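Notes follow the structure.
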Amino acid sequence: MKTFELKGQARELVGKKAANALRKEDKIPAVVYGVDNKEAVHFTVSNSDVRKLIYTPEIFLVDLTIDGKNLKAILKDIQFHPVTDAILHLDFYQVAEERPIVIDVPVVLDGLAEGVKAGGKLSLDLRKLKVKALYKNIPEKLHINVSALALGKSIQVGELSFEGLELLNAKNSVVCRVQLTRAARGLAAKNG
C-alpha cells in the first residue's frame, strides 16, 4: 500500500462554532480514533494538503504527524458539503501491526473475457471491495482475471478469494458481468 504524508495541528476547541471558524481559515477539522487507548485526537489539516489523498481512486496508508507526534492511519470517512462539495470533516483510524483494519480496495479486471469476444459487454458493478486484514497484507488493487467469463455470466464476491484478506461484501453481490448486447442478440437470432 502506498503511503501519504500529512501534517496536522492539534486543536483544543471542538464543536460547530469552532469547526466553522477553522473552515473560514481554509482548514479542515479532523479526528483520529484509536490512539493510545484514548477516545479520539482532534486536529486540523490544510485543505491543499489533503487534495491528493481524497481526490484519487487509490488507497493510502497515511503517515500522520500531529504536533510532532507520528502515527500511521487510514482515511475512514469524508464529509462533504451537500451543495458546494467542500470538505467539511475527515475521520482517520490509527492502524497497528497486529490489529486488522477494514478498508475499501479498488478492483481491476484483467484479461479479455470470452463473452466480450462473442459480442457481449463487460461491466464492473463493484468498483471497490470491502476487505478486512492486517494493513501490511492489503494490496493497492484487487486483480480479478475475467478471461474465462462467458456471455451472460457473472463473477460474485463468494467466488473470489485473496490470500490474507477477508472479503466483507455480501457473497451474492455481483462484481462484474458480461451482458448480452442488442447486436449479440441479433446475431444469435440470425444464426439460431
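Answer with one residue from V178, A148, L129: the one whose Cα lies farthest towards the positive end of the charge dipole of the range 102-191, charges on Cβ with Lys, Arg +1 and Asp, Glu -1.
Among V178, A148, L129, the one farthest towards the positive end of the dipole of the range 102-191 is V178.
Starting from the amide H of I66, placed 1.01 Å from N in the peptide plane, find each other amide H under 5 Å away whose residue is 5 or more places distant or on another chain.
Close amide H contacts, sequence-distant or interchain: G8, L71.
What list of ³J(HN,Hα) couplings, whole Hz, do you get for the range 15-25 from phi and the Karplus terms 6.51, -1.76, 1.60, once you set θ to phi - 60° and write x for glycine and proline?
Using θ = phi - 60°, the values come out as x, 5, 5, 5, 5, 5, 5, 5, 4, 5, 8 Hz.
Would you please classify the overall shape of the range 2-95 from the alpha carbon gyration tensor, given that a ≥ b ≥ c denote the square roots of the eigenvalues, rounded means a/c under 1.5, and beyond that prolate means a/b larger than b/c while oblate covers the rest?
Details: a/c = 1.67, a/b = 1.12, b/c = 1.49.
Oblate, because a/c is 1.5 or more while a/b does not exceed b/c.
Looking only at GluC sites (Glu not before Pro) in DSSP loops with at most 16 other Cβ atoms within 10 Å, what is the longest site-free stretch of the chain? Before the final figure, lay out each step's value.
Details: sites that count: E12, E25, E39, E58, E97, E98, E140, E163.
Looking at the chain, 99-139 is the longest stretch - no exposed GluC sites (Glu not before Pro) with at most 16 other Cβ atoms within 10 Å.
Compute the acute angle (0 to 90°) between the alpha-carbon long axis of helix 182-191 and the principal axis of greatest extent of the alpha-carbon atoms of the chain; round to the nearest 10°.
Around 20 degrees separate the two axes.
Which pairs break 28 Å Cα to Cα here: K2/K128; K2/K130; K7/K76; K2/K153; K27/K136; K27/K130?
Details: K2/K128 17 Å; K2/K130 18 Å; K7/K76 17 Å; K2/K153 34 Å; K27/K136 31 Å; K27/K130 30 Å.
K2/K153; K27/K136; K27/K130, as the Cα separations exceed 28 Å there.
Go through the range 13-105 and name the chymotrypsin sites (Phe, Trp or Tyr not before Pro) that are in a DSSP coil and have 13 or fewer other Cβ atoms within 10 Å of their Cβ. If you can, show how the numbers build up before the last one.
Numbers: sites: Y33, F43, Y55, F60, F80, F92, Y93; in loops: Y55.
Sites meeting the loop and neighbour criteria: Y55.
Would you calculate a helix-derived [θ] at 222 nm for the chain, using -39,500 (n - 2.57) for each DSSP H run of n ≥ 4 and dividing by the full residue count, to the nearest 500? Please report the intermediate quantities before stating the final value.
Values: 4 runs with 31 residues, N = 192.
So the helix-based figure for the chain works out to -4500 deg cm²/dmol.
Of T84, L61, T44, which is farthest on the positive side of the dipole of the range 2-95, counting Cα position, with +1 on Lys and Arg Cβ, -1 on Asp and Glu Cβ, and the Cα centre as origin?
Result: T84, furthest along the dipole toward the positive end.
How much net charge surrounds V146 when only other residues with a Cβ under 15 Å from its Cβ are counted (Lys, Arg +1; Asp, Glu -1)? Don't jump to the answer; show the numbers that get you there.
Values: positive: K117, K121, R127, K141, K153, R177; negative: D110, E114, D125, E159.
Residues close to V146 contribute a combined charge of +2.
With +1 on the Cβ of every Lys and Arg and -1 on the Cβ of every Asp and Glu, and nothing else charged, how large is the dipole of the chain about its Cα centre, in debye rounded to the nearest 20?
Value, rounded to 20: 820 debye.
Using a Förster distance of 45 angstrom, determine the FRET efficiency expected from the C-beta separation of K171 and K24, and round it to 0.05.
Working: r = 47 Å, r/R0 = 1.05.
The formula returns an efficiency of 0.45 here.
Starting from the 7 Å offset along Cα-to-Cβ, what nm value, one decimal, do you get for the label separation of V83 and V108?
4.1 nm
Find the Rg to Rh ratio for the chain, where Rh is the Kirkwood radius over alpha-carbon pairs and Rg uses the same atoms. Walk me through the intermediate numbers first.
On the way: Rg = 21.5 Å, Rh = 19.3 Å.
That ratio is 1.12, to two decimals.
Hey, in the GNM for the chain with a 10 angstrom Cα cutoff, which one of K136, K76, K117 fluctuates hardest?
K117
Of G111, G15, G152, which has the largest mean-square fluctuation in a 10 Å C-alpha GNM of the chain?
Among G111, G15, G152, the largest GNM mean-square fluctuation belongs to G15.
Name the long-range amide H neighbours of A150: under 5 Å, sequence gap of 5 or more, or other chain; modelled H, no Pro or chain starts.
The answer is G115.
FYI, it's all coordinate maths here, none of it is from the lab. Since the structure is predicted, the reported quantities are computational estimates derived from the model, not experimental observations. So basically every Cβ, Gly included, is an ideal-geometry build from the backbone, and we count neighbours across all protein chains shown.
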